[in-house]
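Novice: Pasting a structure here, questions to come.
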Amino acid sequence: MEFVIIIILLALLFDYINGFHDAANSIATIVSTKVLTPFQAVVWAAFFNFIAFLIFKDHAVANTIGKTVNENFITLPVIFSGLIAAIIWNLLTWWYGIPSSSSHTLIGGFAGAAITHAFMQKGFIPLHLIIDSANVLKIIMFIFLAPFIGMGISMFYTLIMMQRTTWLKCTVLLFTCVLVWFMFIHFQEKKIDKNLEKFFKVSTYQKAIEDIDKAADKASNEKKYTIAYANAHKAFEYVRFYEAKGAEQVATDIVSNIDMEMVTASRIEDNIKLFFKVKQLEVLAKKDKKHEQAFQFAKIAIDSLKPITKQFKTLGYDSMVQVMLTKVPIQPNKIAEFDQIVRVDIKKDLIKEIEKGDNKVIRYSLIVMLLILIASFIYTEIIREPSAQRTANNFKKMQLLSSAAFSIGHGGNDAQKVMGIIAAALMANGNIVDIKAMPDWVPLSCYVAISLGTLSGGWKIVKTMGTKITKVTPLEGVCAETAGATTLFLTEQMGIPVSTTHTITGAIIGVGATKRLSAVRWGVTVNLLWAWILTIPISAILAAITFYIVQFFV
């Protein structure tokens, strides 16, 4: 248990370092345009880093990070080695003022340690058996795509803002609001579908149907799993009415019209596994034979209680608990805890899963920000007599809004990466059965750590981001930050862990290139690109070396 605590503290340290390493991403443009002083800027950014905790509930990015490596090769030493490598690379790049990606450092370290562990344990085996190739490929693709997306969106915003015809740019911004609305509605539906897939354990049913020929009672199993699989997909139809009806009504419709017996029994079984700490005991038994007896007892207890979980509907919870207590001896002081843990409120759990996919706050925030921009243009260019000074002041005020949006995106995207690592450590230690089941203190502590890190600043990287790539005006600052925030919100909705560094760099290049290509200092940009390309392989090598050393001591 001591080792998992060390890993959690190390992960939070990385989160803190990530905060001051990436503080420049949030504040570079607002400092370089002199809208805020450096101190005011870091306080502003840190505050909105934490506000992200109240906005992002689904943690799709954390789920992607935690599942980068095959569960069979996730061990505490692997996670420890990955974190050490990530911290070393982050500190090195911070020291030399290179805005590298904390995200890809973490992913590279995690994957590098896992591959080394697999090779040392089983010899050379195909990489797709060690890491989730689809996830990793998606992450690597966005090393290159995220800057281009940020650049494209920032060029779009810059060209709109520079339009002299007020009604034309207001009309384009209104059209953008409509586009944002429908795009995020689509993301919301997809997210809720994915949450329900996990809730109904669709992948388990699929595997069971695929393996049906191996089952002894083929006909019985085929019917059971086919019905369960069909029920899960039937639930997706009710989600289409979520925007109009809300989570409670949709959950009520699902529970009223779909047989939830198998899902409920499965959740009771999962809770019983947590109560007996079977996964944790399995990990301990592999390290020390003295835990073998306790592990075997937990397995026998779960096997004996499993048939009873399927009778919860006919027995009722009170009778079910009594039958379970006659089957397995439980200490008197633990009976109340056991009684509570097996009582599953399936509708309440379903509401939580549906609500996690809701993106109303993000959607409305982006639309309100665009509407405020429209209102400001109408006020400064139509209602009042237009002047260069008034326009400049307007963009300085707008930059407070755009930098706040980017800081929310930064906190939401980067804090989740550490959540994924902590959740993976808790899974490896047997404290939770799934990344989605991470306790509430994990997100809270991650957002606090990254906010404190941002408060510490990262002045060397501020200089690179705010002045060395291109000179930035308040108008361009608004465009770059709004583009960066939009990109981060989009990728978070897709569950893709992108680099805030890559995103804002691409956005700053975009506003510079809109003026003229020579406004961008391409020599600095090429150096940054090399740092981005090298981050994952160097982190992986550092993690491999660290794991080789660590295995002799744990």
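The values are calculated or read from the model by the stated rules, or taken from the named source; none is laboratory data. None of the values given here were measured: they were computed from a predicted structure. Counting neighbours? That spans all protein chains shown, and the Cβs are built from the backbone with ideal geometry, glycine included.
Novice: With respect to the numbered conditions (1) closer than 23 Å to I341 by Cα; (2) surrounded by fewer than 19 Cβ atoms within 10 Å (Cβ to Cβ); (3) within 25 Å of the chain's Cα centre (by Cα); (4) not β-branched (V, I, T), which one is the sole condition not fulfilled by E261?
Specialist: Evaluating E261 over (1) closer than 23 Å to I341 by Cα; (2) surrounded by fewer than 19 Cβ atoms within 10 Å (Cβ to Cβ); (3) within 25 Å of the chain's Cα centre (by Cα); (4) not β-branched (V, I, T) leaves (3) as the failure.
Novice: Only residues that are surrounded by 13 or more Cβ atoms within 10 Å (Cβ to Cβ) and either without any contact (Cβ under 8 Å) to a residue 40 or more places away in the chain or assigned to a helix (DSSP H, G or I) (or both): list them for region 343-359, please.
Specialist: R343, I346, K347, D349, L350, I351, K352, E353, I354, E355, K356
Novice: For region 122-154, give me each residue that is touching a residue at least 24 places away in the same chain (Cβ under 8 Å), part of a helix (DSSP H, G or I) and either over 22 Å from N413 (Cβ atoms) or basic (K, R) (or both).
Specialist: L129, K138, listed by residue number.
Novice: Going by the conditions given, is N413 in contact with a helix residue (DSSP H, G or I) (Cβ under 8 Å, 6 or more places away or on another chain) and more than 21 Å from A483 (Cα to Cα)? Lay out the reasoning, then the answer.
Specialist: Details: in contact with a helix residue (DSSP H, G or I) (Cβ under 8 Å, 6 or more places away or on another chain): yes; more than 21 Å from A483 (Cα to Cα): no.
Criteria not met by N413.
Novice: Oh, and also: For T464, are the conditions met, namely being over 18 Å from I7 (Cα atoms), surrounded by 24 or more Cβ atoms within 10 Å (Cβ to Cβ) and modelled with pLDDT under 85?
Specialist: No.
Novice: Within the set of pairs 6 or more residues apart or between chains, which connect a residue that is in contact (Cβ under 8 Å) with a residue 40 or more places away in the chain inside region 328-339 to a residue that is surrounded by 12 or more Cβ atoms within 10 Å (Cβ to Cβ) and in a loop (DSSP other than H, G, I, E, B) with Cβ atoms less than 7 Å apart?
Specialist: From residues that are in contact (Cβ under 8 Å) with a residue 40 or more places away in the chain, the pairs are F338/I330.
Novice: Would you check if I115 is surrounded by fewer than 20 Cβ atoms within 10 Å (Cβ to Cβ), in contact (Cβ under 8 Å) with a residue 24 or more places away in the chain, under 26 Å from the mean Cα position of the chain (by Cα) and within 24 Å of W89 (Cα to Cα)?
Specialist: Working: surrounded by fewer than 20 Cβ atoms within 10 Å (Cβ to Cβ): no; in contact (Cβ under 8 Å) with a residue 24 or more places away in the chain: yes; under 26 Å from the mean Cα position of the chain (by Cα): yes; within 24 Å of W89 (Cα to Cα): yes.
No.
Novice: Moving to a separate point now. One residue is enough: does region 331-342 have a residue meeting the conditions closer than 21 Å to K436 by Cα, at pLDDT 85 or above, part of a loop (DSSP other than H, G, I, E, B) and hydrophobic (A, V, I, L, M, F, W, C)?
Specialist: Within region 331-342, the first condition is being closer than 21 Å to K436 by Cα, and the residues that meet it are 340-342.
Those left that are additionally at pLDDT 85 or above: 340-342.
Now restrict to residues that are part of a loop (DSSP other than H, G, I, E, B): 342.
Of the ones still in play, those that are also hydrophobic (A, V, I, L, M, F, W, C) are 342.
Yes; the residues of region 331-342 include at least one that is closer than 21 Å to K436 by Cα, at pLDDT 85 or above, part of a loop (DSSP other than H, G, I, E, B) and hydrophobic (A, V, I, L, M, F, W, C).
Novice: Let me ask another. Return the only residue of S103, S81 being in a helix (DSSP H, G or I), in contact with a Pro (Cβ under 6 Å, 6 or more places away or on another chain) and of a type outside the set (A, V, I, L, M). Walk me through it before giving the result.
Specialist: Details: S81 fails: in contact with a Pro (Cβ under 6 Å, 6 or more places away or on another chain).
That would be S103, the only listed residue that is in a helix (DSSP H, G or I), in contact with a Pro (Cβ under 6 Å, 6 or more places away or on another chain) and of a type outside the set (A, V, I, L, M).
Novice: With D434, D440 as the choices, which residue is of a type in the set (D, E), surrounded by fewer than 22 Cβ atoms within 10 Å (Cβ to Cβ) and modelled with pLDDT of 85 or more? Explain how you work it out, then say what you get.
Specialist: Details: D434 fails: modelled with pLDDT of 85 or more.
Every option except D440 fails the conditions.
Matching residues to (1) farther than 29 Å from F552 by Cα; (2) surrounded by fewer than 24 Cβ atoms within 10 Å (Cβ to Cβ):
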position: K34; (1), (2): yes, yes
position: G82; (1), (2): no, no
position: S102; (1), (2): no, no
position: I107; (1), (2): no, no
position: F110; (1), (2): no, no
position: P126; (1), (2): no, yes
position: F142; (1), (2): yes, yes
position: L145; (1), (2): yes, yes
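Novice: From the list F312, F295, pick out the single residue that is farther than 30 Å from L174 by Cα, free of Cβ contacts under 8 Å to residues at least 40 places away in the same chain and surrounded by 13 or more Cβ atoms within 10 Å (Cβ to Cβ). Give the steps one after another, and end with the answer.
Specialist: Values: F312 fails: free of Cβ contacts under 8 Å to residues at least 40 places away in the same chain.
Answer to the selection: F295.
Novice: In addition: Scan region 31-70 for residues that are over 18 Å from the mean Cα position of the chain (by Cα) and either on the phi > 0 side of the Ramachandran plot or part of a helix (DSSP H, G or I) (or both) and report the count.
Specialist: First, the residues of region 31-70 that are over 18 Å from the mean Cα position of the chain (by Cα): 31-47.
Narrowing further to those that are either on the phi > 0 side of the Ramachandran plot or part of a helix (DSSP H, G or I) (or both): 31-32, 34, 38-47.
Residues that pass the stated criteria total 13.
Novice: Go over the candidates Y379, Y364 one by one and state the one that is assigned to a helix (DSSP H, G or I), aromatic (F, W, Y), at pLDDT below 90 and surrounded by fewer than 24 Cβ atoms within 10 Å (Cβ to Cβ).
Specialist: Sole residue among the options that is assigned to a helix (DSSP H, G or I), aromatic (F, W, Y), at pLDDT below 90 and surrounded by fewer than 24 Cβ atoms within 10 Å (Cβ to Cβ): Y379.
Novice: Pairs under 8 Å by beta carbon, first residue in contact (Cβ under 8 Å) with a residue 24 or more places away in the chain in region 60-76, partner of a type in the set (D, E) and assigned to a helix (DSSP H, G or I), six or more apart or different chains?
Specialist: A60/E492; V61/E492
Novice: Something else now. On the basis of being surrounded by fewer than 22 Cβ atoms within 10 Å (Cβ to Cβ), touching a helix residue (DSSP H, G or I) at 6+ places or on another chain (Cβ under 6 Å) and among the basic types (K, R), does K397 make the cut?
Specialist: No: the conditions fail for K397.
Novice: Here is a further query. For D15, which of the numbered conditions (1) surrounded by 24 or more Cβ atoms within 10 Å (Cβ to Cβ); (2) closer than 30 Å to G357 by Cα; (3) of a type outside the set (S, T, Y); (4) out of contact with any Cys (no Cβ under 6 Å at 6 or more places or on another chain) fails to hold?
Specialist: Condition (4) is where D15 drops out.
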